[in-house]
Amino acid sequence: MKRFIVFAYFVVVGYVLAERKLPSYIKPCKRFAADLSQCWENTLIQLKPYFAKGIPEFGIAPISEFHVNHIHLDQGNTPNVNFVADLFNLTFHGGENFEVPYTKLNFKDLVLEEGLIFPKLIMKG
């Protein structure tokens, strides 16, 4: 899910770089602003309702409910605990309730570190 949000970010950035007009609900950050990380975080929070229902003009599907074909889990690095599972055809609900505890964005080094918390993400499969 983190990857989806970060991917969505970069879709929006790519849209801006292609010099297309942004929708009015997106407030771009200045690239070398002193508070760039905070601006980026504020923008993400501001876009939460749009992520929930999807942003078709950027090809972003809704995150309030999304489908994952396969997840492989493997937690078996001790002799006493060994858990392996393959899960198929999963549907997740509650992705729109994410929280953003921190954002670190460095355009100079092209690094984005984003913390995301999903307080209640329900999986059905």
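The values are calculated or read from the model by the stated rules, or taken from the named source; none is laboratory data. Keep in mind that this is a model prediction, so the values were computed, not measured. With ideal geometry, Cβ positions are generated from the backbone for all residues, glycine too; neighbour counts draw on all protein chains shown.
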GLY125 vs. criteria out of contact with any Ser or Thr (no Cβ under 6 Å at 6 or more places or on another chain) and closer than 23 Å to TYR25 by Cα: no
Criterion violated by HIS93 - all others in (1) in contact with a Gly (Cβ under 6 Å, 6 or more places away or on another chain); (2) at pLDDT 85 or above satisfied: (1)
Residue under evaluation THR78, criteria (1) surrounded by 13 or more Cβ atoms within 10 Å (Cβ to Cβ); (2) part of a loop (DSSP other than H, G, I, E, B), criterion not met: (1)
The stretch 93-115 residues that are in contact (Cβ under 8 Å) with a residue 12 or more places away in the chain and more than 16 Å from ASP35 (Cβ to Cβ), paired with ones that are small (Gly, Ala, Ser) and part of a strand (DSSP E or B) (beta carbon under 8 Å, 6 or more apart): PRO101/GLY115
Top-ranked residue in the stretch 33-75 [being among the polar types (S, T, N, Q) and part of a helix (DSSP H, G or I); ranked as surrounded by the most Cβ atoms within 10 Å (Cβ to Cβ)]: SER37
Candidate set: the stretch 81-102, residues that are surrounded by 13 or more Cβ atoms within 10 Å (Cβ to Cβ) and either over 30 Å from GLN46 (Cβ atoms) or polar (S, T, N, Q) (or both); chosen: the one nearest to the chain's Cα centre (by Cα): ASN97
Contacts under 6 angstrom Cβ, first residue in the stretch 51-64 being in contact (Cβ under 8 Å) with a residue 40 or more places away in the chain, partner in a loop (DSSP other than H, G, I, E, B) and of a type in the set (Val, Ile, Thr), 6 or more apart: PHE51/ILE63
Odd one out for ILE26, checked against (1) part of a loop (DSSP other than H, G, I, E, B); (2) surrounded by 15 or more Cβ atoms within 10 Å (Cβ to Cβ); (3) of a type outside the set (Lys, Arg); (4) touching a residue at least 60 places away in the same chain (Cβ under 8 Å): (4)
Subset of the stretch 103-122 (residues that are more than 17 Å from ASN69 (Cα to Cα) and over 13 Å from the mean Cα position of the chain (by Cα)): LYS104, LEU105, ASN106, PHE107, LYS108, ASP109, LEU110, VAL111, PRO119, LYS120
